[in-house]
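Trainee: One structure is given below, represented as C-alpha cells, and several questions about it will come after.
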Amino acid sequence: MTIECYAQRLLNPFRGVVQIIRYEAAEAVSSDGLNWDIYVSNDELARDLAPGTRVQTSDIRYGSWSSERGLRRGPLYPSDDFLRMEAMGAIVYEHLLRVHDRLPFPLRDRYEFWLLDTAGQPLALLDSACEEGDLAQECGTLWRAGIAASESFVSEAMQAIQPGGDSAAADYLNSYINRSAGERHSAQWFLREPDGSGMGLHGAELDATLVGRRLDAVDFPEFFIARTGHDAGHARLIADYLAWQAPWLLLLPNLDPAQRRQLEQQARAQPFVVEQQHRLYPQLADVAVIQAARVEAMLRRSQAKQDEAAGAMSTFYIELNPAGGNYT
C-alpha cells in the first residue's frame, strides 16, 4: 500500500501551497495545514481505457477534518462502487491522523508552464504539474495578479507610471505583464531539475526550435515574475507586488536567511494571512516577527467580535478563505 504525501503550488497568480495526502483515487487536501477536505473518485471508470487516454471523473466528498472539530462525513451512497471508494477514503483519513502535524510536505510540481517574453525567456509562471500525464495540452496564456490583489494591493509606483491615472495597481500590472509577452503570447512547459535548470517541452504558440532546449536556474524568476528588463517605475511596481505576496512567498523552501527575514518583515503588514499560512512555513528567520503578526491578528479579530457584540459596525473586514477542492 503506497500513500503519498506531497505539496503543490497554487498558481496564476501564486497564492499558496496545497498539502496533499493521496492513496489510489482518494486524497486529503489542505491549504492551511489546519482544515482538510477528503475526496474520493471512481477510478474503475478508467480501468479499461487505452494507455494515455484521459478521462474526467467526478469527485465525491468523503468528509472534512480538523483537529478541533474532528471528522465530518460527506453523504453516503448505497452502491458497491461507493463502498470501495469509501475504503480508500478511510485509508487516507487514518494516515492524515498520523501525519497532519508533520507539515509542510515537499513540493512535487516539477513541471512548470511559463509565459515567455518577446525574447523567448520565462516571464511569469502560469501553471505547474506533478506528473507528465497532467500537463494540459491547451492552457491559457494570460497572467493574472489575482482577485485578492485587485482588492488590496496598492503601490506608490503608480504615481510615477500613470500620473493622475485611475488604474488600480493590480489591473495595471495585469496589463503590463501581458503586454511584455508581445502581441501573440507564447508559453512553454519546462521540467525543472533539482539544480534549478529546466528542459523545454511543448507549449502554446511555441516556436518548434525551443522544444528540447535547456535553461539554467538563473533564467527562471525566483518569485515567478521576471524582475529584470523593466524601467525603474515598473521594476518598483513588481517589487511592491512581490512584497504584497510575502505571506505566501514564505511558503517556499530554500530561501536564504536574508530573503526569508525580509519577507517576514514585509508579511507583517498582512497579519491575517500570516495567521492562516504560518503552519506551512518551512522555516522562520525571526520567530518574534511572525508571532507578533499572529498576536495582532488575534487582537484585531477579538476587537471585531466585541464591536459586533456591541452592535457596532466592525472596524475590520477579515477575508479568510481556506481553499478546498481537488488541486491535483
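Trainee: Do you know which residues across the stretch 176-202 are in a strand (DSSP E or B) and free of Cβ contacts under 8 Å to residues at least 60 places away in the same chain?
Mentor: If the condition is that a residue be in a strand (DSSP E or B) and free of Cβ contacts under 8 Å to residues at least 60 places away in the same chain, then 199, 200 are the ones that fit.
Trainee: Here's a follow-up. In the stretch 100-119, is there at least one residue being over 30 Å from residue 5 (Cα atoms) and open to solvent by less than 60 Å² (accessible area, probe 1.4 Å)?
Mentor: yes
Trainee: A further question follows. Scan the stretch 229-239 and give yes if some residue there is closer than 22 Å to residue 109 by Cβ and open to solvent by less than 30 Å² (accessible area, probe 1.4 Å), otherwise no.
Mentor: For the stretch 229-239, residues closer than 22 Å to residue 109 by Cβ and open to solvent by less than 30 Å² (accessible area, probe 1.4 Å): absent.
Trainee: Here's another thing I want to ask about it. Among the residues of the stretch 151-175, which ones are charged (D, E, K, R), more than 19 Å from residue 125 (Cα to Cα) and in a helix (DSSP H, G or I)?
Mentor: Answer for the stretch 151-175, where residues must be charged (D, E, K, R), more than 19 Å from residue 125 (Cα to Cα) and in a helix (DSSP H, G or I): just 151.
Trainee: Cβ-Cβ below 8 Å, separation at least six or inter-chain, first residue in the stretch 211-224 and farther than 17 Å from residue 126 by Cα, second open to solvent by 20 Å² or more (accessible area, probe 1.4 Å) and not in a loop (DSSP other than H, G, I, E, B): which pairs?
Mentor: Within 8 Å, the pairs are 211/201; 211/202; 211/203; 212/199; 213/199; 214/199.
Trainee: So, one more: Could you please tell me which pairs satisfy a Cβ distance under 8 Å, a separation of 6+ or placement on different chains, a first residue in the stretch 83-95 that is touching a residue at least 24 places away in the same chain (Cβ under 8 Å), and a second residue that is part of a helix (DSSP H, G or I) and surrounded by fewer than 18 Cβ atoms within 10 Å (Cβ to Cβ)?
Mentor: As it stands, the answer is 84/44, since those pairs meet every condition given.
Trainee: Among the listed residues 275, 308, 193, identify the single one that is more than 25 Å from residue 173 (Cα to Cα), at pLDDT below 95 and of a type in the set (Asp, Glu).
Mentor: Going through 275, 308, 193 in turn, the sole match is 308.
Trainee: Inspect all residues belonging to the stretch 158-177 and state whether any of them is modelled with pLDDT of 95 or more, open to solvent by less than 20 Å² (accessible area, probe 1.4 Å) and under 22 Å from residue 138 (Cβ atoms).
Mentor: Yes: one or more hits.
Trainee: A further question follows. Can you work out which of the residues in the stretch 132-150 that are touching a residue at least 60 places away in the same chain (Cβ under 8 Å) and assigned to a helix (DSSP H, G or I) is surrounded by the fewest Cβ atoms within 10 Å (Cβ to Cβ)?
Mentor: For the stretch 132-150, the residue satisfying everything is 133.
The values are calculated or read from the model by the stated rules, or taken from the named source; none is laboratory data. Just so it is clear, the model here is predicted, and its values are computed rather than measured. Because the Cβ atoms are built from the backbone with ideal geometry, glycine has one as well, and the counts that use them run over all protein chains shown. Heads up: the accessible areas ignore ligands, DNA and RNA and are worked out on the full protein's heavy atoms, side chains in. Shrake-Rupley method; radii C 1.70, N 1.55, O 1.52, S 1.80 Å.
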